[in-house]
Amino acid sequence: MSEHINELYDKDGNLIGCLLTAEAWNYVKKDILARLGVEDESQQEEIKEPVADWETLQEYWDYDYPVDTDVHCENCGSSTEDWAADDPRKFYLTAANLAGLVSFLCVKCQAKVVKKHFKDTIKTECTPYQENKDYRR
Ligand SMILES: [Zn+2]
């Protein structure tokens, strides 16, 4: 048996499981999960947020008000005081740039919430998710 695989037996010699090294597991994980029809939750949860962009925006924050962390979805009414602190998250950060544009995805209804930061005010726009949007027109 390979050094990467350890079959485990109970005291009567019945096979009860198999232990893989981390290296071996990472190598075959995708195939095994697919074959067993198990969804890899760790990968599903992993939505890449441009957190570095958001941090950069905070570093250069020159607006007349403190950094705002609240998000409100006009489409479904979902709202939070601090989007980054929610567990599970209600909103995912999808974009942030130095022009003060910060976008979020509403987890509940998939709407896009954009916060536009101006010198002394914040304008919020909410665009409902459109499943059958025809981009050809
Ligand atoms: Zn929503």
Inset, instruction - Give a residue-ordered list of calculated ³J(HN,Hα) values for the stretch 108-118 (Karplus: 6.51 cos²θ - 1.76 cosθ + 1.60, θ = phi - 60°; whole Hz; x for Gly, Pro). - result: 5, 10, 6, 5, 9, 10, 10, 10, 9, 8, 10
Legend entry - 15 Å beta-carbon shell around TRP83, net charge (K/R +1, D/E -1): -4
Inset, instruction - Determine the calculated [θ] at 222 nm for the chain from helices alone, applying -39500 (n - 2.57) to every DSSP H run no shorter than 4 residues and normalising by the residue count; nearest 500 deg cm²/dmol. - result: -6000 deg cm²/dmol
Inset, instruction - May I ask you to give the percent of accessible area on the chain that is carbon plus sulfur, with a probe radius of 1.4 Å? - result: 49 percent
Legend entry - Cysteines without a disulfide-compatible partner [the chain; Cβ-Cβ under 4.7 Å]: CYS18, CYS126
Inset, instruction - Lys and Arg at +1, Asp and Glu at -1: add these up for the other residues within a Cβ distance under 9 Å of HIS117 and post the number. - result: +3
Inset, instruction - For the chain, report the translational diffusion coefficient in µm²/s to the nearest whole number, using Stokes-Einstein at 37 °C, 0.692 mPa s, and a Kirkwood Rh over Cα pairs. - result: 174 µm²/s
Inset, instruction - Just need the relative contact order of the stretch 1-97 here, percent rounded to a whole number, with Cα pairs under 8 Å and 6+ apart. - result: 19 percent
Legend entry - Extent along principal axes [Cα atoms of the stretch 5-44; Å; largest to smallest]: 39, 21, 15
Legend entry - Degrees between helix 22-36 axis and first principal axis of the chain (Cα, 0 to 90, nearest 10): 80 degrees
Inset, instruction - Starting from the stretch 42-110, pick out the GluC sites (Glu not before Pro) whose DSSP state is loop and whose Cβ has at most 13 other Cβ atoms within 10 Å. - result: GLU46, GLU81
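The values are calculated or read from the model by the stated rules, or taken from the named source; none is laboratory data. These figures come from a predicted structure and were not determined experimentally. All Cβ positions, even for glycine, are placed from backbone atoms using ideal geometry, and neighbour counts span all protein chains on display. Please note that ligands, DNA and RNA were not included when accessible areas were found on the heavy atoms of the full protein model with its side chains. Shrake-Rupley method; radii C 1.70, N 1.55, O 1.52, S 1.80 Å.
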